[in-house]
Amino acid sequence: MRKRPTPNGTVFSAIERTGLVARGAFRLAEAERAGALAGVQTIVLIGMAGRDGWGAFAASPEAHDGLDDPLDRFSRRVIGALADDLGALALFPFGEPPYWPFQQWARRAEPVHPSPIGLLIHPRYGLWHSYRGALGFASALEIPTHEASPSPCDSCAERPCLSACPVCAFSARGYDVAACAAHLRSVGGADCTGAGCLARRACPVGAEHAYGREQANFTMRAFLRAQDAG
């Protein structure tokens, strides 16, 4: 990893040019700078937000070559190339160990909070966002500031996300993955598979950023493939 300072604006602009979305940044504490992260001071997260970022993947070779794991392969190629260009270390929330704590990192980089159904909720995009990778920089880059804010779930008395699932996969006991997957494979699960998880769609926050049918269907089928593989 080349040690050269990279202005924050340059990094974010480079990410946006790929069609993906810069998802905030934070600095590692000294105690966290060990192992593969020993030479890293700043982490910049990259992902999708609402429908932003999906178009870049949908137009990519990986989306059409018929091979396994198209989104992961797209993410590795695009974010890996960014890392090479910017002198950074590419990090991903999938693949082989080490498994990086992207959920924890996200909460340090953006005003996101855990939702009742486990997904992180964003004040603008609601439950419609994801993290595809990160760049680790040796330099202490300027960090964009964001105001700390309470979770939108705190003021949501009805919590429709917990009652919308047809098979009650979400409850105080946690997430019943097996029940969810079985429903998606059934005739009755066609709506969730085609248009996205009903529990996710029930959340009013960021509803205007909900995935289109192609993106939602891809996401649900990827979930089922992961269950079959696991």
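One decimal place: the segment Arg221-Ala178 gains 14.0 nm when fully extended, by the rule 0.36 nm per residue minus the C-alpha distance. Here the contact order of the chain, divided by its residue count and restricted to Cα pairs under 8 Å and six or more residues apart, works out to 23 percent. Annotation for Leu67 and Glu147: the two label points, set 7 Å from Cα along the Cα-Cβ direction, are 4.6 nm apart.
Ignoring any ligand, DNA or RNA, what whole percent of the accessible area of the chain comes from carbon and sulfur when the probe is 1.4 angstrom?
Details: 6280 of 11610 Å².
About 54 percent, which is the carbon plus sulfur part of the accessible surface.
Taking a ≥ b ≥ c as the square roots of the eigenvalues of the Cα gyration tensor of region 77-230, is the shape rounded (a/c under 1.5), prolate (a/b larger than b/c) or oblate? The shape class here is oblate.
Would you calculate, for the chain, the mean residue ellipticity at 222 nm contributed by helices, counting each DSSP H stretch of 4 or more residues as -39,500 (n - 2.57) and dividing by all residues, to the nearest 500? Could you put the intermediate results ahead of the total?
Working: 8 runs with 77 residues, N = 230.
Only helices count here, giving -9500 deg cm²/dmol.
Using only Cα atoms, tell me the angle between helix 8-17 and the longest principal axis of the chain; keep it within 0 to 90° and round to the nearest 10. The angle comes out near 50 degrees. The residues of the chain expose on average 50 square angstrom of accessible surface per residue, using a 1.4 Å probe on protein heavy atoms. When only Cα pairs below 8 angstrom with a gap of at least 6 residues are kept, region 110-230 shows a relative contact order of 29 percent. Simple spin-label estimate for Arg51 and Thr18 gives 2.3 nm between the two label positions (7 Å along the Cα-to-Cβ direction from each Cα).
Once the piece of chain linking Ala81 and Ala36 is laid out straight, how much longer is it, given 0.36 nm per residue of separation minus the C-alpha distance between them? Don't skip to the end; give the middle numbers.
Values: separation 45, 0.36 × 45 = 16.20 nm, distance 1.86 nm.
Result: 14.3 nm gained on full extension.
The values are calculated or read from the model by the stated rules, or taken from the named source; none is laboratory data. Keep in mind that this is a model prediction, so the values were computed, not measured. Because the Cβ atoms are built from the backbone with ideal geometry, glycine has one as well, and the counts that use them run over all protein chains shown. We work out accessible area using only protein heavy atoms, side chains counted, and drop any ligands, DNA or RNA first. Shrake-Rupley method; radii C 1.70, N 1.55, O 1.52, S 1.80 Å.
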